[in-house]
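Inspection log for the structure reproduced underneath, given as structure tokens.
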Amino acid sequence: MSADVLTAEQVGFRYADVTVLHDVNLRVGSGTTVALTGANGTGKSTLLHLLAGVTPPTRGRVVRRPGTRLALLPQRTSDIDALPLTVGECVQIGRFTPRRRLSRDDRARVAELMQRLDIAHLARRRLRELSGGQRQRALIAQALVQDADIYILDEPTVALDTHSRQHVHDLLTERAAAGAAMVIASHDPAEAALAERTIHLEGTTPSLAVEK
Ligand SMILES: Nc1ncnc2c1ncn2[C@@H]1O[C@H](COP(=O)(O)OP(=O)(O)O)[C@@H](O)[C@H]1O
Ligand SMILES: [Mg+2]
């Protein structure tokens, strides 16, 4: 049994007067993938933001193992599109640290992922000029290039064709095999099948988290 890197204990969340999540419990070990399923509006994106630490829960607690690096691929990316970034810059951001320039190794990792996600030829194009699927691949590359211990991915392949989706699934399988913990919200059964466990949010208000 691998040690947990991410846990949610009795987590609840409310937006103003609407309680979206109630008593969600979740443990994710290194090398383990958990799928998060549920109809639109059941609170998947909200829960992922709590797990990633973007928003604190209104009840309970989220604990990430100290020292772990976490990468988040959000569902809503309109803020990112508003920036005048090229695809190459978007992916490089995943390797930025405040203290040093990108190393040769960083650049190699960026190039490798862009190749694998078939966006190398788009390196100089601006994000906002891309198709939905191209943009999504750039954002997946930005998340995966971080070499994180925990990946939180919100419907990562929803805009992708079958071929691209398979490439992403291969990359995710490799990361899990290398010890990464993942939580992936998805409506795609093939994507949920990458996971050892599925947490399903039932469409009640607040949502009930059921492990399947
Ligand atoms: N910023 C917000 N303010 C108020 N309500 C919100 C906000 N974001 C989401 N909600 C509501 O919370 C519920 C869960 O949303 P969300 O987490 O995006 O669900 P999912 O990702 O499963 O589709 C929905 O009813 C949605 O309308
Ligand atoms: Mg969502």
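Which one of the conditions (1) touching a residue at least 60 places away in the same chain (Cβ under 8 Å); (2) surrounded by 13 or more Cβ atoms within 10 Å (Cβ to Cβ) does T7 fail to meet, given that it meets all the rest?
(1)
With the requirement that a residue be touching a strand residue (DSSP E or B) at 6+ places or on another chain (Cβ under 8 Å) and not in a loop (DSSP other than H, G, I, E, B), what does segment 1-15 give you?
So the first thing to find is which residues in segment 1-15 are touching a strand residue (DSSP E or B) at 6+ places or on another chain (Cβ under 8 Å), and the list is 1-14.
Within segment 1-15, D4, V5, L6, T7, A8, E9, Q10, V11, G12, F13, R14 qualify.
Where in segment 104-212 are there strands (runs of 3 or more DSSP E), lying fully within it, with 2 or more residues that are surrounded by fewer than 19 Cβ atoms within 10 Å (Cβ to Cβ)?
Once the strands (runs of 3 or more DSSP E) in segment 104-212 are filtered for at least 2 residues that are surrounded by fewer than 19 Cβ atoms within 10 Å (Cβ to Cβ), what remains is 197-202, 208-211.
Taking the options A195, A190, A148, A177, name whichever one is at pLDDT below 95 and over 15 Å from K44 (Cα atoms).
After ruling out the rest, the residue left standing is A190.
Can you pull out every residue in segment 25-70 that is within 8 Å of ligand 1 (Cβ to nearest atom) and of a type in the set (D, E, K, R)?
Of everything in segment 25-70, just one residue is within 8 Å of ligand 1 (Cβ to nearest atom) and of a type in the set (D, E, K, R), namely K44.
Please work out which one of (1) in contact with an Asp or Glu (Cβ under 6 Å, 6 or more places away or on another chain); (2) more than 21 Å from D161 (Cα to Cα) is the condition V145 fails and give its number.
(1)
Restricted to segment 36-49, and to residues that are free of Cβ contacts under 8 Å to residues at least 40 places away in the same chain and within 15 Å of the chain's Cα centre (by Cα), which residue is nearest to ligand 2 (Cβ to nearest atom)?
Selected residue: T46.
Can you pull out every residue in segment 71-80 that is surrounded by 15 or more Cβ atoms within 10 Å (Cβ to Cβ) and away from ligand 1 (no atom under 12 Å from the Cβ)? Walk me through it before giving the result.
To start, the set of residues in segment 71-80 that are surrounded by 15 or more Cβ atoms within 10 Å (Cβ to Cβ) comprises 71-74, 77, 80.
Within segment 71-80, A71, L72, L73, T77, I80 meet the criteria.
Identify, please: which residue in segment 16-35 is assigned to a loop (DSSP other than H, G, I, E, B) and buried (at least 16 other Cβ atoms within 10 Å of the Cβ) and is, among those, nearest to ligand 2 (Cβ to nearest atom)? Write out each step before concluding.
First, pick out the residues of segment 16-35 that are assigned to a loop (DSSP other than H, G, I, E, B): 16-17, 30-32.
Going one step further and asking which of them are buried (at least 16 other Cβ atoms within 10 Å of the Cβ), we end up with 30-32.
Working: S30: 25, G31: 25, T32: 22 Å.
Among residues in segment 16-35 that are assigned to a loop (DSSP other than H, G, I, E, B) and buried (at least 16 other Cβ atoms within 10 Å of the Cβ), the one nearest to ligand 2 (Cβ to nearest atom) is T32.
Which of the numbered conditions does R65 fail, given that it passes all the others? Conditions: (1) under 26 Å from G179 (Cα atoms); (2) among the charged types (D, E, K, R); (3) in contact with a Phe, Trp or Tyr (Cβ under 9 Å, 6 or more places away or on another chain).
R65 satisfies every listed condition except (3).
If I ask for residues that are part of a strand (DSSP E or B) and among the aliphatic types (A, V, I, L, M), which ones from segment 36-58 would you list? Explain how you work it out, then say what you get.
Of all residues in segment 36-58, those part of a strand (DSSP E or B) come to 36-38.
Result: L36, single match.
All but one of (1) over 20 Å from the mean Cα position of the chain (by Cα); (2) in a helix (DSSP H, G or I); (3) closer than 26 Å to V20 by Cα hold for D79, so report the exception by its number.
Unmet for D79, out of (1) over 20 Å from the mean Cα position of the chain (by Cα); (2) in a helix (DSSP H, G or I); (3) closer than 26 Å to V20 by Cα: (1).
The values are calculated or read from the model by the stated rules, or taken from the named source; none is laboratory data. Because the structure is predicted, anything quoted here is derived from the model rather than measured. Note that each Cβ is placed from the backbone with ideal geometry, even for glycine, and that neighbours are counted across all protein chains shown.
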